[in-house]
Amino acid sequence: MLTNEELLPLEEDLKAFLIVNGIHHEEWVELNSNEPDKARAIVGSFSDAVLQIVYEKLDYLELRSVESCMVFHFGKDELELIAINRKPGSNVDLSTPESIHTALQQQVDQLTWFSKRKAYADGREMEIHQLLEQGCVLSNKEFWDALREALGV
C-alpha cells in the first residue's frame, strides 16, 4: 500500500481511479467516514495498479554494502544477477560506484564474482517487489553494462 506521502502527488490519478470505479467525491468522503476498511481496500487496489505500472518499466535494481554488490537485470522471462564480493580479510569497499570502480581497477585480486540467470518463480513484478522490500534500490543499464565488461560476464 502506498503511504499518504506517496499518494499525495498521485491525488488526481486516485480521483480518476475512483471515478472509473463509480465512486465520486461525496461517496468517497462518506466511505472514508463510515467504512474506513473498505476505503483502505480501494486505496490498496489503486496502490497495486500504480506499482504494477512502475514495476513493468523497471529493468535494473542493485543492493550494495561494504562487503558486496549485487545488480539485478529484469528481462521479460528471467532475472539475471551479477554479484561481487570481497574476499575474507579484504578491506575493499563495495558500497559506492566509485569504490567498486577502484576495486575493479586496482584490487581485483581481492574480489570474487559470479553471474546467474533464473526464471521468475513468482512473476517478474512480484520478484521486483520482494527485492525492493529487501532494500534494493534503482540501478541503470550503464552500471550493469560496465560491470559486465569489467568482469567479462
Original post:
What is the one condition in (1) within 30 Å of Glu125 (Cβ to Cβ); (2) more than 18 Å from the chain's Cα centre (by Cα); (3) modelled with pLDDT under 95; (4) not aliphatic (A, V, I, L, M) that Lys76 does not satisfy?
Top reply: (2)
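Of everything in region 109-135, what is closer than 29 Å to Lys87 by Cα, among the acidic types (Asp, Glu) and surrounded by 15 or more Cβ atoms within 10 Å (Cβ to Cβ)? Give them in sequence order. Outline the logic, then answer.
Let us first name the residues in region 109-135 that are closer than 29 Å to Lys87 by Cα, namely 109-119, 127-128, 130-135.
Still in the running and among the acidic types (Asp, Glu): 109, 127, 133.
Result: Glu127, single match.
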Original post:
Looking only at region 48-92, which residues are among the polar types (S, T, N, Q) and closer than 19 Å to Cys136 by Cβ?
Top reply: Gln52, Ser65, Ser68, Asn85
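Is region 86-93 home to any residue that is of a type in the set (Ser, Thr, Tyr), assigned to a loop (DSSP other than H, G, I, E, B) and surrounded by 13 or more Cβ atoms within 10 Å (Cβ to Cβ)? Break it down stepwise before answering.
Initial filter on region 86-93 (of a type in the set (Ser, Thr, Tyr)): 90.
If we keep only those that are assigned to a loop (DSSP other than H, G, I, E, B) as well, we get 90.
With the extra rule that they be surrounded by 13 or more Cβ atoms within 10 Å (Cβ to Cβ), the set shrinks to 90.
There is at least one residue in region 86-93 that is of a type in the set (Ser, Thr, Tyr), assigned to a loop (DSSP other than H, G, I, E, B) and surrounded by 13 or more Cβ atoms within 10 Å (Cβ to Cβ).
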**OP:** Give me a count of the residues in region 45-80 that are over 17 Å from Glu133 (Cα atoms), of a type outside the set (Val, Ile, Thr) and surrounded by fewer than 14 Cβ atoms within 10 Å (Cβ to Cβ).
**Re:** 7
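The values are calculated or read from the model by the stated rules, or taken from the named source; none is laboratory data. The shown structure was predicted, so the numbers you read here are calculated from the model rather than taken from an experiment. Backbone-built Cβ (ideal geometry, glycine too); neighbour counts: all protein chains shown.
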